[in-house]
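This report concerns only the one structure given below.
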Amino acid sequence: MQYERFEDIYQRAAQRHGGERALEQRLSRPLSSNELKNHTDDRWLSAFSQKVFQSGISWQVVRNKWPNFEDVFFHFDIEKMLLIHDEMWEEKAKDQRIIRHLGKVMTIRENALMIHESQQNHTSFSHFIADWPSDNIIGLWRHLKKHGARLGGNTGPYTLRAMGKDTFLLTKDVEGYLRHHQIMTTGKDTQSAWQAAQDAFNHWQQESGRSYTEISQCLALSIN
């Protein structure tokens, strides 16, 4: 596979967005492994839950409601989530302070269980995430989809990015670039498409030394 040089991608993004200095100011950077490990696991559950609720709903509406979610769900304390019985979950899903959606509310319990299970084999879920290599980030996507609730598609990857894990994203612009250059040729959520994207990002990361987060953003900015 012949990939476009990352320097050419970067320069095109810079030309479209006010030069290199302006581009650098737009780029977000991932957290270090040690910084990721400082996240408490309740913050991961909160982040996953927020992204689940944002699916199909205005993100700002969910953000505005989120302090209420924090209150209703005991600040997403993992142990407390696992102790809530079925009837209480149903009652919480009817609470007028939050966005009432039983199916999405129940993902909080399922994802708390996923985090709890990871805690049994690692110091914390944050350690588990921090130690996962970004050159196989699609493996982490698969783990979240398989073991979590409603964390497939963009939900899991977007949560990882929001929390500072180094990951590329298959946004519409990134997918468009990969398809235009015949890197992705199958359905977006197929394993072959994910692997083709991972291989391309691994190539650009080794070539440029930049994070997957920065490369992903540069790719998107190079075409819009």
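The values are calculated or read from the model by the stated rules, or taken from the named source; none is laboratory data. Everything quoted here is computed from the prediction, not taken from an experiment. So basically every Cβ, Gly included, is an ideal-geometry build from the backbone, and we count neighbours across all protein chains shown. When the accessible area is computed, the model is the full protein with side chains, heavy atoms only, and any ligands, DNA or RNA have been set aside. Shrake-Rupley method; radii C 1.70, N 1.55, O 1.52, S 1.80 Å.
Residues checked against (1) crowded, with 16+ Cβ neighbours inside 10 Å; (2) touching a Cys at 6+ places or on another chain (Cβ under 8 Å); (3) on the phi < 0 side of the Ramachandran plot; (4) in a helix (DSSP H, G or I):
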| position | (1), (2), (3), (4) |
| --- | --- |
| GLN25 | no, no, yes, yes |
| HIS39 | yes, no, yes, no |
| TRP44 | yes, no, yes, yes |
| SER49 | yes, no, yes, yes |
| PHE53 | yes, no, yes, yes |
| GLY56 | no, no, no, no |
| VAL61 | no, no, yes, yes |
| ASN68 | no, no, yes, yes |
| HIS75 | no, no, no, yes |
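Test of understanding: among SER58, SER46, which residue is in contact with an Asp or Glu (Cβ under 8 Å, 6 or more places away or on another chain), outside the structural domain of TYR177 (by the TED database) and free of Cβ contacts under 8 Å to residues at least 40 places away in the same chain?
Just a single option satisfies the conditions, and that option is SER46.
Might you let me know whether the stretch 2-16 holds any residue that is over 27 Å from HIS180 (Cβ atoms) and touching a residue at least 12 places away in the same chain (Cβ under 8 Å)?
Checking the stretch 2-16: not a single residue is over 27 Å from HIS180 (Cβ atoms) and touching a residue at least 12 places away in the same chain (Cβ under 8 Å).
How many residues, within the stretch 102-132, are charged (D, E, K, R) and touching an Asp or Glu at 6+ places or on another chain (Cβ under 8 Å)?
Final tally of qualifying residues: 0.
Among the numbered conditions (1) under 16 Å from the mean Cα position of the chain (by Cα); (2) more than 25 Å from LEU31 (Cα to Cα), tell me where GLY164 comes up short.
(2)
Report every pair of residues separated by at least 6 positions or lying on different chains whose Cβ atoms are under 7 Å apart, first residue within the stretch 123-145 and more than 13 Å from LYS165 (Cα to Cα), second crowded, with 22+ Cβ neighbours inside 10 Å and aliphatic (A, V, I, L, M).
Filtered contacts from the stretch 123-145: LEU144/LEU151; LYS145/LEU151.
What number of residues within the stretch 199-215 are over 13 Å from ASP166 (Cβ atoms) and among the polar types (S, T, N, Q)?
Residues flagged as over 13 Å from ASP166 (Cβ atoms) and among the polar types (S, T, N, Q) within the stretch 199-215 amount to 2.
What are the residue pairs meeting all of these: first residue in the stretch 72-95, first residue without any contact (Cβ under 8 Å) to a residue 40 or more places away in the chain, second residue of a type in the set (S, T, N, Q) and open to solvent by 20 Å² or more (accessible area, probe 1.4 Å), Cβ atoms under 9 Å, and 6 or more apart or on different chains?
Close Cβ pairs satisfying both conditions: ASP95/ASN68.
Can you run down the residue pairs with Cβ atoms below 9 Å, 6 or more apart or on separate chains, where the first is in the stretch 19-32 and within 15 Å of LEU160 (Cβ to Cβ) and the partner is part of a helix (DSSP H, G or I) and of a type in the set (Ser, Thr, Tyr)?
SER28/THR213; ARG29/THR213; PRO30/SER134; PRO30/TYR212; PRO30/THR213
Considering only residues of the stretch 89-147 that are closer than 25 Å to HIS203 by Cα and of a type in the set (Asp, Glu), which is surrounded by the most Cβ atoms within 10 Å (Cβ to Cβ)?
Top of the filtered list is ASP135.
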